[in-house]
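Bear in mind these aren't lab numbers, they're just calculated from the coordinates by the rules spelled out. Note that the structure is predicted; figures quoted are calculated from it, not measured. Please note: Cβ atoms are built from the backbone with ideal geometry, for glycine as well, and neighbour counts cover all protein chains shown.
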Amino acid sequence: MDTATQPSAVPAFNSDDVNHVAEYRSLSVMAIISLLIGLASPLCLISPVFMLLPLFGTVLSLLALRRIAVSEGRLAGRWAATAGLALCIACGASAISRDAVVRTMRSGRAEEFGRSWLSKLVSKETEQAFKLTIDGARPSAPPESGMPSPTTTPYEEFTKNAFVQAILAAGEKAKIECLETLEYTAQSQYDYFVRQRFRITPQGDSGKTGSTDAIEANVTLQRSHFRGDRNSRWLVAAFELAGATTQ
């Protein structure tokens, strides 16, 4: 018996399909990109180099939201742009606040070390103070071949320094106070510099201010992992009387 191939049924057109076509909206590519950048923004908590991610992501998210708003319903993806914006702002704010806290803590530790170092100087413990400087911690290098030996040692040059002489003249009872942090530079997580201004005020036997004027000094303190050390430590990288560089 012959069998006839039955034609496949063609779906009847439904008037509701017009509404489905009319409701179709394309997804905003910019919104998707802003969401991806938002998901990558936590990298800024690892390194300041990645701070560009939340900054760029915030701008891109706002642009995406603007385009979606003026598209008259033709673009979708508001949720993606909003999520990306929230992630970028949250991560950026967290990184900035964390850096501020770290800077404050490191500046406080630098101040403690700076006070201790200046205290050794006013107490005339010059040898101990010298060992806490970069030059004092550096191993002595042999003289170059054919060159005459230096007439003075680094320690002797340190004690003759105008800065050191001024601090020694303040007397053992001098008052040491930190005025401000002038500069903070972090080269890495374990290598950073803090430059601070100190005031050394001579005191008389009664504890009152002596006739000698107070000394203002700028001290650059470095926390690094120096050669030969197992752990990082503080050292004095540079020092100067305020207004005149001496080292």
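Report the net charge of residues surrounding SER107, where surrounding means a beta-carbon distance below 13 angstrom and charges are Lys +1, Arg +1, Asp -1, Glu -1.
Values: positive: ARG103, ARG106, ARG109, ARG115, ARG195, ARG197, ARG223; negative: ASP99, GLU111, GLU112, GLU180, GLU183.
Cβ neighbours under 13 Å give a net charge of +2.
Each label was represented as a point 7 Å from its Cα along the Cα-to-Cβ direction; for LEU39 and VAL59 these points are 2.3 nm apart. For ARG197, the shell of other residues with beta-carbons less than 9 Å away shows a net charge of 0, using +1 for Lys and Arg and -1 for Asp and Glu. Take the alpha carbon gyration tensor of segment 65-139, find the square roots of its eigenvalues, order them as a ≥ b ≥ c, and report rounded if a/c is under 1.5; if not, report prolate when a/b exceeds b/c, else oblate. Cα axes put segment 65-139 in the prolate bin. Under the criterion of Cα pairs below 8 Å and six or more residues apart, the relative contact order for segment 17-100 equals 41 percent.
Listed from fewest to most Cβ neighbours within 10 Å, the set ARG199, ARG106 follows the order ARG199, ARG106.
Tell me, in nm to one decimal, what length is gained between HIS225 and VAL49 on full extension, where the rule is 0.36 nm per residue of separation less the Cα-Cα distance? Let's see the in-between values first.
Values: separation 176, 0.36 × 176 = 63.36 nm, distance 2.19 nm.
Result for the pair: 61.2 nm of gain on full extension.
Ranked for footprinting exposure by Cβ neighbours inside 10 Å, fewest first, PHE56, PHE239, PHE158 give PHE56, PHE158, PHE239.
The residues neighbouring LEU241, those whose beta-carbon lies less than 13 Å from its own, together hold a net charge of -1 under the Lys/Arg +1, Asp/Glu -1 convention.
Multiply the residue separation of SER119 and GLU156 by 0.36 nm, subtract the distance between their alpha-carbon atoms, and state the gained length in nm to one decimal. Write down the numbers at each step before the final one.
Numbers: separation 37, 0.36 × 37 = 13.32 nm, distance 1.95 nm.
Result: 11.4 nm gained on full extension.
Volume per residue of the convex hull around the Cα atoms, evaluated for segment 17-100, comes out as 65 Å³. Using the Cβ-Cβ distance between GLU216 and GLN128 with R0 set to 25 Å, the FRET efficiency works out to roughly 0.60.
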